[in-house]
1. Looking at the stretch 236-268 only, could you name the residues that are surrounded by fewer than 15 Cβ atoms within 10 Å (Cβ to Cβ) and farther than 19 Å from residue 209 by Cβ?
2. Residue 317 fails exactly one of the following numbered conditions: (1) touching a residue at least 40 places away in the same chain (Cβ under 8 Å); (2) closer than 26 Å to residue 244 by Cα; (3) not assigned by TED's automatic domain parsing to the domain that holds residue 247. What is the number of that condition?
3. In the list 323, 273, 279, 329, which residue meets the criterion of being in a helix (DSSP H, G or I), among the small types (Gly, Ala, Ser) and in contact with a strand residue (DSSP E or B) (Cβ under 7 Å, 6 or more places away or on another chain)?
4. Considering only helices (runs of 4 or more DSSP H) fully contained in the stretch 42-98, which possess at least 1 residues that are in contact (Cβ under 8 Å) with a residue 60 or more places away in the chain, of a type in the set (D, E, K, R) and within 21 Å of residue 125 (Cα to Cα)?
5. Please note which helices (runs of 4 or more DSSP H) are completely contained in the stretch 121-206 and include at least 2 residues that are crowded, with 17+ Cβ neighbours inside 10 Å and among the small types (Gly, Ala, Ser).
6. Out of all the residues in the stretch 284-291, is one or more buried (at least 22 other Cβ atoms within 10 Å of the Cβ) and either out of contact with any Lys or Arg (no Cβ under 6 Å at 6 or more places or on another chain) or outside any strand (DSSP E or B) (or both)?
7. Is it fair to say residue 89 is surrounded by 13 or more Cβ atoms within 10 Å (Cβ to Cβ), assigned by TED's automatic domain parsing to the domain that holds residue 172 and within 23 Å of the chain's Cα centre (by Cα)?
8. For the stretch 166-197, which positions are of a type in the set (Gly, Ala, Ser) and in contact (Cβ under 8 Å) with a residue 60 or more places away in the chain?
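The values are calculated or read from the model by the stated rules, or taken from the named source; none is laboratory data. The shown structure was predicted, so the numbers you read here are calculated from the model rather than taken from an experiment. In this analysis, Cβ positions are derived from the backbone assuming ideal geometry, glycine residues included, and neighbour counts consider all displayed protein chains.
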Amino acid sequence: MDYFRKQGRFTWLKGWRALVLIFSGLIIGLLLVAGGFTVMHKTSDTSFCVSCHSMERPLAEYQGSVHFQNPAGIRAECADCHIPGEPVSYMLTKIAAVKDIYGEITGTIDTEEKYNAHKLTMAESVWKSMKANDSATCRSCHSFEAMDILAQRTDARNAHPVAISSNQTCIDCHRGVAHILPDMRSSNAEGASQLAALAAAVKADDSPLYSYKTQPFTLQPDTATPAGTLFPVSPLTPLRRDGTLLEARLEGWQQDGVAGVIYAAPGRRIIRAVLDENAWSQLKTQGSQTDSQTETLWHQVSLVLWLPSDSVLAEQQKIWQYASTLMSANCTGCHGLTALDHFTANQWIGVMKGMAPRTALNEEQLRILTLYAQNHASDMPPAGQPSAQGRSREE
């Protein structure tokens, strides 16, 4: 009997110890989870985020933004914009933040010069992640479904329906809402390099072709004297090649009495080429049209010209994509993207000139961006459709 009593007592002790161990494990697990959540929460707090010396500059930018102070008294903290709420994305973001600790220890952005040098790389990293997750952090506060679009300002009222229909995400238009945009010059130049690579890959039978940069042209292949300047995105019909040179036909419109410029459409100041005097006599006229709004006579003309074969490419859409990137990267520091059909082709000229000093665009990039906006303006027909404006008559 003593043996069985001892065995029973031993079994009971083993059961009790197991319960104690399980209970202790639960307590320790809960403490670890609670501690982990506390650490995660505290390290996501704005006061923690800006506690490092290197954060003084982004903090000053943030404090000058509408997300820090606004009439509604609603403040978006650092975590609201930079840390997604979805559990997996949240954890991945926190793990990736280890690189920020390393950067702080090594002094990656501990001076204004270093900060400015790394600002574009840091910004593009954030833009890329927000693009990938459909601007999840923005949408935690803003959503198209909750917007009273009719009550918004004119620009937003015009832009948001376009964004909805084209499946755009917040970061496509709103890149400068909390921090001053970085110097975009190196990023802008990268797009031009990609166009040059596409031009080098043009095939002999590709047609039509499009100039991707401002390019002098001649009337003969054996002369170096320019006869004018071809503007970006001008469509060309290739005729023949001679070594590194291309003979092509340019078509467009010329205002009566103004022989020095070829435009894309009657009544619209969308320049395709500027001509020297010796090129005027080489123009061929196919017909004429009167602008119904100004009663100005326009002539439909063509010109055969020569230019380097590596100055054209076969995909117009690639140039538009580059221009769209320029607009998104350089025109969102003060406002969201303006819908292209918000202005007429002629109005866009003044708009671009007014905005240019606030951007990092050089003269060539500004020209491409202006042509992009003009060709998609409110008074331009969809691609491939003729303009309905004016009255035509054959000469």
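1. Listed by number, the residues that qualify are 256, 257, 258, 260.
2. (1)
3. When all the criteria are applied, what remains is 279.
4. 56-63, 78-82
5. Ranges flagged: 154-165, 185-200.
6. No, that holds for no residue.
7. no
8. 176, 178, 186, 187, 191, 192, 196
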